[in-house]
Structures are given as structure tokens and as C-alpha cells.
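J.: Have a look at this one before I ask anything.
The values are calculated or read from the model by the stated rules, or taken from the named source; none is laboratory data. What you are looking at is a predicted structure, and each value in this text was computed from that prediction instead of being measured. Methodologically, a virtual Cβ is constructed for each residue, glycine included, from the backbone with ideal geometry; neighbour enumeration extends over all protein chains shown. Accessible surface is based on the protein model in full, side chains and every heavy atom, while ligands, DNA and RNA are left aside. Shrake-Rupley method; radii C 1.70, N 1.55, O 1.52, S 1.80 Å.
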Amino acid sequence: MTKNLRVKTSKLIDETYKISFKFNGSTYYGYKGDTLASALLFNDIHLVGRSFKYHRPRGIMTAGSEEPNAIVQLHNNTSRTEPNVRATEIEIYEGLEASSQNCWPSVNFDIGGINNFLSPVLPAGFYYKTFMWPASFWEKYEYFIRKSAGLGRSPTEPDPDIYEHKYIHCDVLIIGAGIAGIVAAKTAAKNGYKTLLIDEKPYLGGSTIYQNSEHFKINNQISSSWLEKEINEIKKIENLEIKTRTSVAAYHGYNFLLARENLTDHIPLEQRNNKIRHRLLKIRAKKVITATGSLERPLIFNNNDRPGILLSSAIEKYANFYGVACGEKNVLFTNNDSAYETALSLYQKGINVEAIIDNREETDSKLIKETEKNNIKVYKGYTVVDTYGYKRINKVSIMQLSKDGQKVIGSKISILCDCLGISGGWTPAVHLFTQSGGKLKFRDEDQVFIPKEYSSDQISIGSCNGDFTLDEILSTVPKAIKKFLNLKKIDYEDFEIKSSFNKSKRNIWLLPSDKILGKTKPFVDYQNDATAKDIKLALREGFRSIEHVKRYTTTGMGTDQGKLGNMHALGIISETTGSKMGELGTTTFRPPYTPLTFGTIVGRSVGEYFDVSRKTAIHEWHVENKAEFENVGQWKRAWYYPKNGENMHDAVQRESKAARDSAGILDASTLGKIDIQGTDASEFLNRVYTNAWSKLAIGKCRYGLMLNEDGMVYDDGVTTRLGENHYIMTTTTGGAATVLGKLEDYLQTEWPELDVYLTSVTDHYATVSVCGPNSKKIVSQIIPDLDFSDKNFPHMSFKNAKIGNINCRVMRISFTGEHSYEINIQANYGKSVWEKCMEAGKEFNITPYGTETMHLLRAEKGFIIVGQDTDATMTPIDLQMDWIVSKKKYDFIGKRSLYRSDTIREDRKQLVGLLTENPNEVLEEGAQIVSDIKKTPIEMLGHVTSSYYSPNLKKSIALGVVKGGKNMMGQKLVIPMENKQINVTVADPVFLDKENKRLNA
Amino acid sequence: MKNKYSLFSLVKNAFSYHENWEKAWKDPEPKKEYDAIIIGGGGHGLATAYYLAKKHDMKNIAVVEKGWIGGGNTGRNTTIIRSNYLWDASAGLYDHALKIWEGLSQELNYNVMFSQRGVMNLAHNLQDVRDLKRRTHANRLNGIDAVYLNTEQVKKFCPIINTSPDIRYPVLGGTLQRRAGTARHDAVAWGYARGADEMGVDIIQNCEVKGIKRNGESVEGIETTKGFIKTKKIGVVAAGHSSVIANMAGLRLPLESKPLQALVSEPVKPIIDTVVMSNAVHAYVSQSDKGELVIGAGTDDYVSYSQKGSHDIVEGTLNAILELYPIFSRMRMLRQWGGIVDICPDASPIVSKTSIKGLYFNCGWGTGGFKATPGSGDLFAHTIANDEPHKLNAAFNINRFVSGDLVDEHGAAAVAH
Amino acid sequence: MFVINCPYCGEREQSEFKAGGEAHIIRPKQPTELSDDQWAEYLFMRKNIKGVQFERWIHTHGCRKWFNVVRDTSNDVIKAVYKMGEKPPTK
């Protein structure tokens, strides 16, 4: 290190604790408490990155989350790499590796810098005006545009870190632990409110905590000493929770806020494993006090972007807080008193200040006098017209401002420097306030937007409310809190404040230069390289709304969201168009306030926790028996059970055959089950199903079809009458929750007079379905006490039974067309009943089958699957299920819609069977059906909904929907595939056992 | 004739420091009367005016916009353009639009950056596979360039997708439409505005419609914050606020306006060079020319005009993004925002005349209207000029809600067994 | 995200609820006697109000009860809640 830039420091940096880190491959040292920015400055490094568009060299500009330029990639080429990290925010830790972004081959020599020379032909919106020829070439241009755009690099490996969420409910939330926030927190907590105080920094006290000037005193103590005592006191209050390194990202309606608590970004990588990286706090606060402070404004003048140009307040903070001098020859440029605070701080630390350029002509305050007393040259009524030095500022030239501030006069003076501090006054940080729906007003005297109307129970206090000076803050804040919290008395009523700050300011949004504007580069948005010229160009071209200007010039659309430049953009628009600032409005401040890591937002909902997996009580058996699974809604269903290396086709053929030849067993537990009770249960079913229910005898089962009110098939299933006023309804697996919701809706809102109660019992029962010619033999072995004769226990009936001591319900119902039984038993006995069936079925080669075989078997019988053979455009009539639509019933859900002009059309798509000419050819589900492939445009009559090779029929079978299909029996149609045409014949959808003999076999 | 935009004109203007560019559109005060007025200065509205002037020789027309042009859903959407729709009517409509997109930059002399980087739709369960195959077959027969991809082909086309069979909802396949892609949303509004303005259309911003004046069953004009403007034809293209305008005319529409959210990440170097959509785990993502990941979320289930949605929706979307792209976990959300979409019960739009003579509605585009912008404008202009729909938008009439002849693009109902 | 004051359970997070659209659309008692137009009016046409709307919500992750909410759809401020069958508030 050639220079010693570490000056006598505050106690906020631990100089005994050295930390090494790497920047662009070289190793450097800093101290505990340093940010990457302060450590780089300590090492005399200003050049950190390149700008977005022109690839201009850029340095550290601020000391906070508003930083537009000094953004880096951390830990390149590792799984913990992260793009676009602000050097001003990241605390250094042992082993930190950072590198510059958006430059190649290096930040010192960047090929992209050529854009800077091309900048005359790259004004705002240039890309809208060119790259259009030849027409097909845009993607080729775009390839290069994309390559040069973007900043850092996306990670390419999964994230090793973990994140979590936490809900917090508090009485009072205080955002920002500066002096106003501390006063608020202490007051709220001491008055019994459950209080949460949040600050994005690792320490409390905001900017007052490093304010060591004799010019700012509270009750005769230097302000930082006074505040330190207050902080020590609040740390002891029990009902006050304090969270540092926590930034509020979003302020939504109803005082719902999101904050990110950063837990490991400041510790060495090897210590991070198994620790939570970020915690997303979801805060619901009864009251919110926003004390987010203010951001210093830059000044807009020619070449105001060079490395070595910083906000004046940042220079002060680097000196006072981190004990780092940003330069050895400092010049300050200001339009207000803030820069003098900086000058005096630097002077106090022995850092040289060459000059202060103040655009105010007549200024007079204690601070200025004090500065001049220390032999610091002050140029009053001057402006900077240009800066020099490519990778680090080395000189400024200044000129006198005309009276109206629109021109420069006199001759140019050059001042050598290696650092320029700029201060354009302060902008209240109203971002969160406006996110919450608050309305702003414009205060003309100092050209700031401040809160006007709150949309929820909240206030803004301190400088985010436009009270900038110490005396203003301490006179307004206690009063505001007292009123807001409805207190009789408050600790902070009498203060003796010494504040030497004079509020005068000469606001010139765009400072004049000796060159014409067209030849200058006065940056407004540093990251996106938008200049004042670009804004004027946009206005010239008719973009008048601030949102238009923003979008056309990309001002405010960088990763800093224009925290520094947005006000100047507005100001320049206002000046150019002659409209009033207050009437222009601001652009919307969109959440998050500072960018929020996706992982933080997602929290624990990754990997297996992405969504719940519902598993049946028999699931483990399926796993042990090597089943493949299918996702059906949230359920995991056994799909097929491959044996000895079978593929799916072979397994399904084997399973299907076994089920028809002897016995098959299916886990049907996932079907939705709704318990329906009440004296009006039958009437209720009459209204929700298309068919009639009143006459269903106790102990009998019936298949029902449920429609939407628009007449389209919604769900289906078998419902069993368990008692006079008691039914159990089954629904499809995927439809269970929505069906229950829909039934509750009708019951509660349309038919509250019905005495009916609905309870979901899907998870309470396991359902084992045994089918096939030998099913009776198997089930009767398990339930020996039950009379399984067809007379006592016919198809579509149910019996209460016992397996051992355990009650179960046995339904003789069938979705396969085979003689079959469904045993419903309390879920925790499900696996054991299944195993009993397997045991009892051994001699009959009982074969477990999955959903795929179930689909095949039911297709052989022409049974529909709602959602596969229907698609929310099918009525029961379309399905050729007219038999299930009661003509007698006065009304049921969806009935009226069946008689609209379109739904009664004869040529609607109707469900039919399809047989291929070649019995071995299996159609593709989803394939389209046509009658004439030569017709153009080709007319699609419908599509194949279900298709299988049936091992029982030894041919391919399919179901499909075809326009007017009902009347096309036997007709030949064509399935035009990409590479061939398949001839099919329209057939009866029931392919097997039309007489239903097997049900009673 | 306006200055032509070109590289040459950029270089030429560089010599005068870009101080001689003329206005892209004027900022006129409204005239007393127009032959037609378009309510709503978004992409669809401006396109409608452009085609009325260009193809139907109606020059005395105005577009009135409450705020600034392109400030509604045009400037808030995720800019996906595709035409791989299931039903013939939809395929016809959206492919008509896609064909115009393919030459739009040249037609408007404004680079709308239509980038045919392809759109993939992923399947995550067996019913998705059936549905996507069905759609692909229908697309092929309708002349739309969609193909079905298996999981390996999906991975090959977009290597950063997590196609592991071990994730909660593995990718089982997908479709790809190569002609599909994205465009620069603002440029579409601005390009049409510039083109319309050149042909004499008045684009009147900051002009809010307060009422629609009717004489019996015909319209007579509109009341606005800039006074009464007389006209015999009103085309309403006020997405989000369609029902509000309809109420002024005493009409009811089958619409609900709901919040729809989107977000972008910080910009990074190219990492994904196509558009990937997944309905089952609800996430769609592309990367803008600037480098931001552009991510669309779903709608909330309640009516709202606040342009704000609930955080749960954003969270759910990012859950899905990280499920499919675990590498994005350390990327950061830069901005999130909301728009208002009006949704029809069948998820298809209304581009139709109404029971009131001279009153036309173009609405109900739900979450997917951007892609249709040029086609919608063209067909709506045809409908207004001729008082009859074009054959491509005939199916999208209001009467379908009475007859039941819906164009149901919801896709399949809930997967059920 | 809202906080909704369920008339049965008290104030809860919006995520516990689901919205059910415009309230007080009564299902016609005799649908078969309606014209297609009248039926479409019931089935599909909505006021879709910008401003104070009466709407239905259900406390899905709570008591599973439907109830009514009065909400300003322009800024999402909830003005009142009341049970099904109760008279809507007039102010």
C-alpha cells in the first residue's frame, strides 16, 4: 500500500481485527466493520465496475443501499456466487472474493468501452429506430445486444444455502433506527406497546451515530454520545425487539410488510453451512412508524460519473465511521450546507480539503464561517463545468454561475483533486410510504416530496418526513409520536439543541456548462447511463409523462431503482416543459425497496417441500413392491407395478389380463369421500346430481354425474345411501376439494334452508378394491361373517361388516366391469387389509394394478374419466349419457344450461368408440380426428381422449369425441399424424361385455 | 411524412446532437367531432386506430386515454407472443396476430423487437401430456408450427430447466412453438401511436371518459374531462376497466377484473434464451434484452382495480420458478408490479359489436392480450368500420354467453380419476 | 394482503380465505322458465364494480363458512362484513 488512507478512526471499526479479501484476483486487507467499499477505498481503489450501456469506468459513489455503480460479483464460479452485490452493503469477511462485472477482459481494460465513443449514435431509444433491416436479422442483432447487456452472471449451480420465513405480529413497527427511530422505539416500548425496531445496517443510530461535531449537540452532549446512551437504554427494554441487518423490502396494504433479515452474508463461507442465510419476516403491525431517513442527492453536471466522485455525505461517513479517507485532495461541490459538515469532519481528521464549490452566491451560516476559518477555500456562486481523469478523477474545472443559474460566465478555473464530493440536498426516503398507498405532496421551498396522506395506521417521522435538521427532528418527532400513540406524556419534551445547519439551498436540477448540452454527459441515472440529454430528447419526441420518459430513457430502472437520480429526472422534465413538479407526480416506487433474493421469498418451499405429497395408508406397500407412481393432484398414486424388468406396456397388459381372468387389487383410497348427513340429504343430492336420488334404498349405491351451472360435466362418482339421512359420496381424486367447496357453496348460500351437513372423510378411510371373477372368493375369506350371495349383496349395494373387530364398509361397485368389492376401512388398517387380501388372493394370482390398468379396464367398458374424456365443454348428452339426466326433476345444477341454443345442437362433439383398421395400431391420445384430409382448411371433428391396446379384446381400442359422432356409428374417419394417416371406424364406446354379464360372474 | 427511422438517420442526427428529432406523435386538443373514437390508448386501442386509418380510410378518428399511452396492461405484461391455441377460433385469431408481428417493425418503421426465440409449454402430469399433444396435433392441422418434445428434447432446448425425475412435479414433456417469442411492450404502443398519428389520428392523453351519451339505441358521443366529443362509433378497448365503461352505457359484460402480477430480476448476462411456460406449477419466465428475468405470476381470485395483488401469489410463482430452475435461488427480484385484467368465463376475449348501435367492445383478454395486439387491432378496426365482424373474430361475440357457444380455452378441467 | 374479519372467527389473514365473486346474485327459483338471455344474465353477467362492491368470501382454512364482505375495489379497503342471510349494511 502506497498511501495511508486509514485515518484516526471511530470505535466503530476494529483495527485489531484484520480481514483479508480478494478483489479481481488480488488480495487486500481491511478491518472488522468495513464494508467492501470502505475496504477498497482504504486500499485506494475507486474503479470498481463499468456502466451498463457505455461501459464507462465507475467507482464507489455512496455508502449505502442506494449505490448505483459499485456493484460486484461475489465468489465467481462457485455455488454461492451472486451477481450485482453492492460493495457498499456487503460487510467484509475472511475469504471474501469479489470481482468487477460487465467488463471484458478486465475492469481496467474493457473492450465494451468502445460504446463510450459510439455514444453519439446511441441516444435514448436508439434501438427503436434501427436494427430493422433486413427484417429477419433482428435475432442476430439481438444476440450481440444481449451479450453486452446484463450486469453480473447468474449462478449456474443450485444454491447450497437455506432460507426461512417468520411471521411477526406487533403493536408498533419502527422502520429505521436513526435518531428518530430510536426515540420512537423507546417511547412506544416504554408505553407498553409490543414494539419491533428494524434497521438495514448492522448497527443502530443511523447517521447521527458517527456525528462527532461540536456543532450538533443535544442537551449539551455531542449528538452521537447522547444517542449512544439512548441506544444502550433501549437494548434493555423487554417488549422491544430489535433487528439489525434487516431491510424492509415491501410495505403492502393493511400494514403487511416484508423484511429480509440477513444472517450469514457477513460471515466466512465455511461457517455458513447449515445456517439460515436469510429470514423473510412477514410482519403484520397494528401501527407503523416509518423513520427511513433521507438520501443525499447528487448534482447533475458534465462528466459527473467518474471514479472518485462520491456523495459528500458518503465521504463524511467513510471518514467518520470507517476512518477512511476517500482521497488526499478533496474538493466538495454543493448547493447547501451539508458539504460543510463533511469538510469540517475531514478537517478534524486531518484530511485535506482543497476547496468547496458552492453554487449559492450569498450564503452565510456558522458552518461556512467555521470552514472558512480553517482556511478552506470556498467558491461561492460557482459550478463545476467538467471533470477530468478516465479511471479516477484528477481535476475539476469550475466557472461562475449567472444570476439565473442558467449559464456560466467568466473564465474557467481548474482545481486538481483526486476526490470530488457532491451534495444536491436531501430527498426523503418515501419509497415504503408510497408503496403502502400513501399520497405525496411537493414542498416547493426545498423541492422535496413529503408524505401527505396515509393509507393505513402509520406515520412518517424525521427526515423521511422532510424534517432534516437535528433541531427539526427533535422538535417534531416526539410530538408526532405522542399524538400517534395517543400518549399523555412523553420523555422527550424538552431539549436543548445546538444545530448549526442553515437550510438555504439553491436548487438547479441541471447545472449549466460552458459546452452546449449536446457535447456534455451529465448523468442522471448512473447505472443505466441515462443523461439529461436523453431526458430532453424524450421530451422533444413527445414523451411527456414521467413514466414515458422513464421507460424511453430507462432512467430509474437499474438495480438501484433510481434512488439517486429520479428527482433530477423529474426536475429536468419540469424545467423543460414548464410544468410544476407537484403536478407531474412521481413514478411509482415499486417493491422491493432493495432487491430481494428469490430464495428468501421462497423460504423452505423448495425440493420436497415445494408441495405436499399426499400418500395413502397403503403407500409403503406400493413402494416396497416397486410400483411406479403417478402424480394425481397432490396424491401419489401407484401407476403400475413392473415385474422382472417389464416396461410399462408389458406390466399393464399383464395386470389388465389378470384382473379380468382372475383377480386384481387396486388402492382406491385417493377418491374423494364426502359424508353427507341431514334430513334433507336426499333432496340435496337431487339438486346437485343430474339423476334422481329420493328413491334410492338404504344400502344401495348409485352412480351420479355432477354438472357445473353452465351444463358441463364437472365430476362423477358413486354415492351410497348408508341410512335414512346419511350418504357417502365419492368424487374423483383431483376433484375432491373443489366438489366439497362447490357443495358447501350451494348449501350455505343458495339453499340454507336444507338440513344437510357435509364432512370430508377422504383421509379417514382407506379403500381397497378387489375385482375379477375370483374377487368374491377372496373378499369372503377376509370377511367370513358376511353373506356374499348375489341376493343378499347384489351389484350396487353396500354392507356394514367387520374385519376382526374393526368396522368397515363394503361396497359392491365396479369401475372395471368386473365383479368387484370396495372395502372402506379406517385408514390406519388400510395396509393390513390390503395385505390380507393379497394373502387370501395368492391362490388366485391376485394382481395389484395401478391407475394405468384401471384406465384401460374402464375404457374397455366405455366408462368415462372426467378430465380425460371430458374437458369442461362436454354435457352428459354429449357423452351419450342421456340416461343419467332426469327428465322428471324440476331442477338440478346445470339443468337450464342444457337447453341453450348451442347446447341442444345435434352436431356437438359426442363421445364415441374408435377402432383402428389395423388392430395392433394404438392411437395417440390427443390425436385429432378428421373425415376428409384433402379439405383445406382441414376440419377437425374431434380428438382421441383415451386409447389402449386391450389384452382382453386383443385389439386397439379408443374413446374419442367427434362432431355429430352419435350418428356416425360405423363410419370411417382418419387420424392424420405427422408422418402417416390412420384409418378408424366409429364404434360403440362399450367394447366389452355390453350386457354386463361379468358384474355378476 | 415523418422522418424515417434508420441507422442513417441516427448518424445524421448525431451531428446535430439529436436536437432535430421530431415528435413521435402530437399532443392535440380534442376536436368537436370524430367519425370514430377509440377509448383506451393501449396497444390494442392504438392498433385499432392505426388499422382504421390505414385499411378502412377513416382518418378523422381519436384515441382517448385516461393516463398515458401504453400505461395499462401493455406496459405491464410479460410480453409473451405465441399462437399455439387449441380451438380453431383462437388459433385463427392469435396466428393472424403472429403473422402481423413478423413484419411489424418494418411496417411501423419502429423496432418492436419481436424476437422469435420460441415458447415452450411444459407438461408435468399425464393429463398435461394428453392436453399438450392434443393441442400440438390441432396446431399442426391449423398450420401452426408447434411440436411436441419429450423430456430430453425439453432439456436440450433449455438446458437450465431441472428435468430430474425426482422433483415434485417432474417435467414429462412439452411443446415448442419456434415462431413464438417476445417483443418490447412499450415499443408496440409507441410504434402504433406514431403510425396512427402520421395518418391523422388524434391521440389525446390525460383525457378520462366520464360518460357515454346515447340516443335511444345508438351512441352520440362521449363525455370526457376535456369536454363532450361527438361521434357515432365508439370502440372500447379499456382492458381492466371495460366494465366501468360498459356501465356508463348501461351494458353489463361477463367480466371480472382481477389483479395480475409480474416481476423482474436484476439484469444478468444471457442465461435463458427462450420462453418457458408451465401451467401446472404456474411459472413462466423469459429473459429481456436488458438481461432481466421476466416472470409472470397468476391472478388473484377477487375483483380489484387497485393494481396490487397479494404477496402469496408472487411467493407461489417464485416457488415454482425455483422448483424448475434451482440455479435462480440467489437471483434477486428487482421490481414487482400489478395490472388489472378483465377475464371472461371462458378465458377468451370479446371482440364484438353490442346491442347498442355504434358501440363496440374489445375486452376480456385476461392474462394473454399482449400477444394478440396487432391482430386484435386489425380485426376490431374491421368490425367497427363494417359494423360486422371479420370471420376471424366472429366467434368472439358477446352473444356466445347466451347461446353457450363458448371458446373455452381453460384447457381441461381438473385432472380426475 | 388484507386482513378479513370473519364474522365467525374474527380477524384473519387473507390467505385463509377465498373470494367467491359478487354477492346477492340469487339463483333463479325457476330456471326453466327463463329465456336464454335471462339465464345468461344470471350465469355470466357481472357488475364488476370499481368502487364499493358487495361480495362473497369463504373462510376456507378456518370455519369454512361463506359470508359477505363490503369492499372498495379501487383500493381494497374493507368497509364491513356480514353473515349470509343478513341484510347488507346501508352505510
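J.: For the cross-link pairs A:Lys452/A:Lys533; A:Lys412/A:Lys563; A:Lys236/A:Lys479; A:Lys935/B:Lys391, which exceed 22 Å when the distance is taken from alpha carbon to alpha carbon?
T.: The pairs that break the limit, which is 22 Å between Cα atoms, are A:Lys452/A:Lys533; A:Lys412/A:Lys563; A:Lys236/A:Lys479.
J.: Please identify which residues in the range A:684-700 have an amide N closer than 16 Å to a label point set 7 Å out from the Cα of A:Asp755, following the Cα→Cβ vector.
T.: Flagged as within label range: A:684-685.
J.: Which FRET efficiency value, to the nearest 0.05, is calculated for B:Glu223 and C:Thr90 with the Förster distance at 41 angstrom and r the Cβ-Cβ distance?
T.: The formula returns an efficiency of 0.90 here.
J.: Under the 0.36 nm per residue contour assumption, what length would be gained going from the current alpha-carbon distance of A:Trp883 and A:Asn274 to full extension?
T.: 213.0 nm
J.: Would you mind checking which residues have amide H under 5 Å from C:Ser74's amide H? H placed 1.01 Å from N; only 5 or more apart, or other chain.
T.: Residues meeting the criterion, in which the H sits 1.01 Å from N, are B:Tyr305, C:Gly51.
J.: What nm distance separates the two modelled labels at A:Ile806 and A:Phe109, each placed 7 Å from Cα along Cα→Cβ?
T.: Computed distance between label sites A:Ile806 and A:Phe109 equals 7.8 nm.
J.: Would you mind getting the Kirkwood hydrodynamic radius of the range A:722-861 from its Cα pairs, rounded to one decimal in Å?
T.: 16.7
J.: Taking the alpha-carbon centroid of each part, what is the distance from the range B:341-355 to the range A:305-380 in angstrom?
T.: Going from one Cα centre to the other spans 63 Å.
J.: Also, quick follow-up: Between B and C, buried accessible area summed over both sides at probe 1.4 Å, in Å² to the nearest 100?
T.: 2100
J.: Follow-up question, since we're still on this one. Please compute the Cα-Cα pair-distance distribution of the protein assembly as shown with 20 Å bins starting at 0, giving whole percents from short to long.
T.: The distribution over the protein assembly as shown is 9, 33, 34, 18, 5, 0, given as percents.
J.: Further, regarding this structure: Residues of the range A:699-726 with amide nitrogen under 19 Å from the 7 Å Cα-to-Cβ point of A:Asp790?
T.: A:700-701
J.: Here is a further query. Report D for the range A:457-505 in µm² per second (integer): Stokes-Einstein, Kirkwood Rh on Cα pairs, 4 °C, 1.567 mPa s.
T.: Value of D from the Cα-based Kirkwood radius: 110 µm²/s.
J.: For the range B:299-305, just list the computed ³J(HN,Hα) in residue order, Karplus coefficients 6.51, -1.76 and 1.60, θ = phi - 60°, integers in Hz, with x standing in for Gly and Pro.
T.: So the J values, rounded to whole Hz, are 8, 7, 9, 10, 6, 7, 10.
J.: In Å², what does the accessible area per residue of the protein assembly as shown work out to with a 1.4 Å probe?
T.: 36
J.: Please give the residues from the range B:258-282 for which the solvent-accessible area of heavy atoms, probe 1.4 Å, is smaller by at least 20 Å² with all protein chains in place than with the chain isolated.
T.: For the range B:258-282, once contacts with the other chains are taken into account, B:Glu266, B:Pro267, B:Val268, B:Lys269, B:Pro270, B:Ile271 lose 20 Å² or more.
J.: Calculate one ³J(HN,Hα) per residue across the range A:679-687 by plugging θ = phi - 60° into the Karplus curve 6.51 cos²θ - 1.76 cosθ + 1.60, and present them in order as whole Hz with x for glycine and proline.
T.: Each residue of the range A:679-687 in turn: 5, 9, 4, 5, 4, 4, 5, 4, 7 Hz.
J.: Still on this structure, please answer the following. With each run of n ≥ 4 DSSP H residues scored as -39500 (n - 2.57), what mean residue ellipticity at 222 nm is computed for the protein assembly as shown after dividing by its residue count and rounding to the nearest 500 deg cm²/dmol?
T.: Calculated mean residue ellipticity at 222 nm is -6500 deg cm²/dmol.
J.: Continuing with the same structure: Per the Kirkwood formula on distinct C-alpha pairs, the Rh of the range A:620-889 is how many angstrom?
T.: 19.1
J.: So, one more: Efficiency by 1/(1 + (r/R0)^6): what FRET value for B:Glu388 and B:Lys2, r their Cβ-Cβ distance, R0 = 41 Å, to the nearest 0.05?
T.: The computed FRET efficiency comes out at 0.80.
J.: How many angstrom separate the Cα center of the range A:762-828 from the Cα center of the range B:235-256?
T.: If you average the Cα positions of each part, the centres end up 57 Å apart.
J.: Roughly how big is the A-B contact, given as buried accessible area in Å² (both sides, 1.4 Å probe, nearest 100)?
T.: Using a 1.4 Å probe on protein heavy atoms, the buried area is about 10300 Å².
J.: Sticking with this one: Would you mind giving the three semi-axes, in whole Å and largest first, of the ellipsoid equivalent to the range A:905-1000 according to its Cα gyration tensor?
T.: Values for the range A:905-1000, descending: 24, 16, 10 Å.
J.: If amide hydrogens are placed 1.01 Å from N in the peptide plane, which non-local residues have theirs closer than 5 Å to the one on B:Lys357?
T.: Those qualifying (amide H under 5 Å, at least 5 residues apart or on another chain) are B:Ser218, B:Val219.
J.: Enumerate the lysines that A:Lys887 could reach by cross-link, defined here as Cα to Cα under 23 Å, with residues fewer than 8 away along the same chain left out.
T.: Counting by Cα, and skipping residues close in sequence, A:Lys887 has these lysines nearby: A:Lys695, A:Lys700, A:Lys895, A:Lys909, A:Lys966, C:Lys29.
J.: Can you give the direction-averaged projected area of the convex hull of the alpha-carbon atoms in the range C:3-83, in nm²?
T.: Taking the Cα atoms of the range C:3-83, their convex hull projects to 5.9 nm² on average.
J.: Pop out a list of residues from the range A:831-871 that are at least 20 Å² less accessible with all the protein chains around than in their chain alone; 1.4 Å probe, no ligands or nucleic acids counted.
T.: In the range A:831-871, residues shielded by partner chains: A:His855, A:Ile865, A:Val866, A:Gly867, A:Gln868, A:Asp871.
J.: Return the Rg/Rh ratio of the range B:145-252 with Cα-based radii and a Kirkwood Rh.
T.: Radius of gyration relative to Kirkwood radius: 1.26.
J.: Count, for each residue of A:734-742, the Cβ atoms from other chains sitting within 10 Å of its Cβ, then give me the mean as a whole number.
T.: 3
J.: Another question about this same structure. With springs only between Cα atoms under 10 Å, which of B:Leu255, B:Leu334, B:Leu324 fluctuates most in a Gaussian network model of chain B?
T.: The residue that fluctuates most here is B:Leu334.
J.: Mind checking the mean number of beta-carbon atoms from other chains within 10 Å of the Cβ atoms in A:495-501?
T.: Counting Cβ atoms of other protein chains within 10 Å of each residue's Cβ and averaging gives 0.
J.: Grab the beta carbon distance between A:Lys489 and A:Asp457, set R0 = 22 Å, and tell me the FRET efficiency rounded to 0.05.
T.: Calculated transfer efficiency: 0.55.
J.: Still on this structure, please answer the following. Would you calculate the convex hull of the Cα atoms in the range A:14-117 and tell me its volume per residue in Å³?
T.: It comes to 93 Å³ per residue, whole-number rounded.
J.: What full-extension length gain, to one decimal in nm, is calculated for A:Asn918 and A:Lys972 as 0.36 nm per residue of separation minus the Cα-Cα distance?
T.: Roughly 18.1 nm would be gained on extension.
J.: For the protein assembly as shown, what % of the accessible area comes from carbon and sulfur atoms, probe 1.4 Å?
T.: 50
J.: With Cβ to Cβ distances under 11 Å as the rule, what net charge do the other residues near B:Gly404 carry (K, R +1; D, E -1)?
T.: Result for the local shell: -1.
J.: Between A:Tyr388 and A:Lys11, what is the label-point separation in nm under the 7 Å Cα-to-beta-carbon projection?
T.: The two pseudo-label positions are separated by 4.6 nm.
J.: Place the peptides A:190-201, A:578-589 in order of packing, highest mean first, counting for every residue the other Cβ atoms within 10 Å and averaging per peptide.
T.: A:190-201, A:578-589
J.: If we count every other residue with Cβ under 10 angstrom of B:Ile212's Cβ, Lys/Arg +1 and Asp/Glu -1, where does the sum land?
T.: +1
J.: Using modelled backbone amide H atoms (1.01 Å from N, in-plane), which distant-in-sequence or interchain residues come within less than 5 Å of B:Ala283's amide H?
T.: HN-HN under 5 Å from B:Ala283: B:Ser278.
J.: Output ³J(HN,Hα) for the range B:29-40: one whole-Hz value per residue in order, computed from phi by the Karplus curve 6.51 cos²θ - 1.76 cosθ + 1.60 with θ = phi - 60°, and x for Gly and Pro.
T.: Residue by residue, the range B:29-40 yields 7, x, 7, 6, 8, 10, 6, 8, 10, 9, 8, x Hz.
J.: Need one number: nm distance between label points at A:Lys377 and A:Trp133, each 7 Å from Cα along Cα→Cβ, rounded to one decimal.
T.: 5.5
J.: Provide the net charge surrounding A:Ala697, with neighbours chosen by a C-beta distance below 12 Å and charges set as Lys +1, Arg +1, Asp -1, Glu -1.
T.: The answer is +3.
J.: What is the distance in Å between the Cα centres of the range A:678-746 and the range A:436-481?
T.: The distance from the Cα centre of the range A:678-746 to that of the range A:436-481 comes to 60 Å.
J.: Report, as a whole number in µm² per second, the diffusion coefficient that Stokes-Einstein gives for the range B:87-206 at 10 °C and 1.306 mPa s using the Kirkwood radius over alpha carbon pairs.
T.: So the translational diffusion coefficient is about 96 µm²/s.
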